[in-house]
Amino acid sequence: MRHIKHSSMWVGLVIILPLFWEGVTCQVVPEYSIDVPPSVPVQEGLCVTIPCNFTADYRITFKNSFGYWMREALKSHYIIATNNKSNPVRTNFNLTGNPDTGDCSLTITNARKEDAGTYYFRFVESKTSAVKYSFNSMKTTITVIDLTEEPVISDPGTVIAGIRKTLTCTPPGNCSTTSLVIQWRKSNVARVWKKSSTVTFTPSLYDHQQNLTCQVTNSREKTTEKTILLDVYSPPAIIITWEINGKKRNKVASIKVNEGSSVTLICSLQSNLRLNMTWMDGKNDILQHGIGTELELRLGNVTMNHTGTYTCSALTQYVINFTSINVTVQYPPRNMEITIKSSKGREHSANQHVVIDQTETLTLVCKVDGNPPASVVWVKGEVDAETLKMSNSELSAMINVTSSIADVYRCFAWNVLGLKEQRIHVVIKQGRISDWDIVLAFICGIGITILILLLYKLIRRKKMTKKMTNMTAEELPASTELTEDIYMNVSKPEEKAEEATDNNIQLDSSGVTMDEDNLHYSTVAFTAESSKVTSIHPETEYAEIKVK
């Protein structure tokens with residue numbers, strides 16, 4: 001597009017300076033100038049921006065200046081765009097440049113046939129300034145032509161099935177605001193598909209080789225459009241199979257593997273292309289890598305740590321396709337934990353023997369790990385484990401034990417892979433004798449002994465009284481005979497003396513040995529009839545006699 005510089009006034013200033021005696025310098029500077037294209041075409045319904053720059057009073061910077069775009073009519077000129085808010089106009093023309101910086105750019109939106117004509121720019125520095133100028137000698141002619149230019153569709157790049165794509169249709173003329181109607185059409189969709197400048201969709205294999213068209217329509221129902229061909233790329237499908245003990249299984253979302261066994265995961269591509277393939281675990285750690293159409297991952301001697309998600313991915317030049325499989329490791333019951341809580345607020349250690357008193361109640365709780373979940377029960381006594389194949393899978397069981405049912409209690413946990421058992425023997429502790437019990441028993445023993453002695457003496461006294469009563473009924477013997485009876489259980493003094501002489505034992509003056517250790521006691525009863533024996537003390541008397 002050709003730009004023309006124009007000046008309405010030329011001022012020649014010749015300055016002759018003596019430079020030694022050799023010639024002069026002449027310089028010509030325009031006071032007012034404008035740079036604007038002489039003609040601008042615009043399609044009907046579209047928009048265009050006309051670039052424009054000017055100088056005034058040798059300057060390009062001003063303050064609070066005003067600019068006016070004027071239309072040249074047959075009989076008069078009138079304003080079609082300005083930045084003077086006190087003189088507003090409403091047209092589809094807009095002064096988008098800033099006159100304070102020497103910018104007089106003009107924008108036309110939604111161009112109409114009647115907008116065709118001749119226009120020029122007028123500058124006023126301020127209301128009080130003498131710097132004013134109309135650049136009517138350098139005019140711009142605007143022509144409005146039919147809408148023929150195609151819109152622009154953004155580059156779709158690689159369209160991948162299943163991945164969302166956003167496309168934008170830009171009307172011709174690069175307008176920010178327009179009265180154009182924009183709509184999308186797709187060859188495999190009847191009628192209008194979308195009505196907007198931007199469209200977002202998820203392509204599928206059915207969109208492959210389909211036409212996608214953006215159509216622009218102006219206010220006079222004139223249309224223009226742009227069509228592209230969709231090339232939908234479909235990444236190769238990935239299939240995961242698995243093999244245990246030489247037996248290959250079909251694809252499933254998850255598998256169960258027994259602890260200690262081995263499994264091989266096989267990733268296969270449904271493609272003839274050899275691609276980069278990778279096996280990763282749930283932490284995105286690479287476990288296996290290769291190039292081809294099949295990649296195996298072997299998990300040997302499986303443990304609980306192998307439980308998780310395993311993903312196989314295939315990298316192409318456009319996209320990464322991936323498929324995952326969940327691996328669950330099964331194991332027999334383990335980590336059995338028994339807690340024993342007392343009704344007295346303490347907790348017993350889970351030993352094989354637990355001692356309680358007669359007022360205590362125990363709560364036994366048995367927990368265990370297992371996959372599949374283990375069935376857990378408490379049984380009392382020696383029970384065959386094979387008879388316990390019942391109960392739900394709770395992974396724990398609880399039982400209350402009192403002293404009245406103290407016994408051996410066994411916790412059983414089992415699943416299809418094994419059985420685990422632990423036993424607790426609950427016993428009742430023997431009563432402990434306190435010091436007070438001993439004192440009390442001693443006192444009771446003494447009391448009972450004294451009572452027995454008193455009873456014995458009472459009985460003996462009754463017997464002696466009865467015997468003396470019987471003797472009073474008979475005639476007492478002579479005094480010499482009475483003496484015999486009195487000493488019937490006591491040795492005579494003279495006999496004692498003889499025995500002592502024979503045995504060399506010293507006697508005292510009364511004929512009794514001096515050995516205090518041989519002191520004995522005997523009871524002697526003196527009984528006589530009142531007519532024959534005179535007694536001062538008729539009752540029974542006791543004498544202490546030393547005998548040998």
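Observations, loosely collected:
- Neighbour net charge for residue 170 - beta-carbon separation under 14 angstrom, K R +1, D E -1: -3
- Cβ-based net charge around residue 115, under 11 Å, with every Lys or Arg adding one and every Asp or Glu removing one: +1
- Here, segment 204-265 yields an orientationally averaged convex hull projection of 7.6 nm² when only Cα atoms define the hull.
- Compared with the alpha-carbon gap, the fully stretched path from residue 103 to residue 35 is longer by 23.5 nm at 0.36 nm per residue.
- A 1.4 Å probe run over the protein chains yields, for segment 121-170, 51 Å² of accessible area per residue, whole-number rounding.
- Between residue 258 and residue 305, the simple spin-label model (points 7 angstrom out along Cα→Cβ) gives 2.3 nm.
- Entries of 85/113; 165/195; 63/113; 341/367; 341/420 with Cα pairs more than 25 Å apart: 85/113; 63/113
- If a spin label sat at a point 7 angstrom from the Cα of residue 227 along the line to its beta carbon, the backbone N atoms of segment 153-170 nearer than 16 Å would be those of 153.
- With N as its number of residues, segment 34-156 has a Cα radius of gyration that, divided by 2.2 N^0.38 Å, comes to 1.13.
- More than 14 Å apart - percent of Cα-Cα pairs taken over segment 97-162: 74 percent
- Among 119, 331, 78, 456, the sequence by solvent-accessible area, most first, with a 1.4 Å probe is 456, 78, 331, 119.
- Ellipsoid semi-axes in whole angstrom, largest first, where each is sqrt(5λ) of the Cα gyration tensor of segment 275-426: 50, 15, 11
- Solvent-accessible ranking of 461, 423, largest area first, probe 1.4 Å: 461, 423
- For segment 34-81, the C-alpha radius of gyration sits at 1.44 times the compact-globule guess of 2.2 N^0.38 Å, with N the residue count.
- Size of segment 264-327 from its Cα atoms: along the principal axes, largest to smallest, the extents are 37, 19, 15 Å.
- Centre separation in Å (Cα based) which lies between segment 246-311 and segment 318-383: 33 Å
- A simple count of charges around residue 148, restricted to other residues whose Cβ falls under 15 Å of its Cβ and scoring Lys, Arg +1 and Asp, Glu -1, yields -2.
- Extension gain for residue 210 to residue 326 (0.36 nm times residue separation, less C-alpha to C-alpha distance): 37.9 nm.
- Förster-model FRET efficiency, 56 Å R0, residue 200 and residue 298, C-beta, rounded to 0.05: 0.80
- Segment 162-276 - convex hull of the alpha-carbon atoms, volume per residue in Å³: 183 Å³
- Quotient of the Cα radius of gyration of segment 173-229 and 2.2 N^0.38 Å, N being its number of residues: 1.22.
- Placing a label point 7 Å from the Cα of residue 244 along the Cα-to-Cβ line, the residues of segment 285-314 whose backbone N sits under 17 Å from it are 297-310.
- Segment 115-222 shape via C-alpha gyration tensor axes, a/c threshold 1.5: prolate
- Here residue 128 sits with roughly 130 square angstrom of accessible surface, probe radius 1.4 Å.
- Using a simple spin-label model with pseudo-atoms 7 Å out from Cα toward Cβ, residue 425 and residue 444 lie 3.3 nm apart.
- Label-point separation, residue 57 to residue 359 (7 Å along Cα→Cβ), nm: 11.4 nm
The values are calculated or read from the model by the stated rules, or taken from the named source; none is laboratory data. In this text, all values refer to a predicted model and were calculated from it rather than measured experimentally. Methodologically, a virtual Cβ is constructed for each residue, glycine included, from the backbone with ideal geometry; neighbour enumeration extends over all protein chains shown. These area figures cover heavy atoms from the full protein model, side chains too; ligands, DNA and RNA do not enter into them. Shrake-Rupley method; radii C 1.70, N 1.55, O 1.52, S 1.80 Å.
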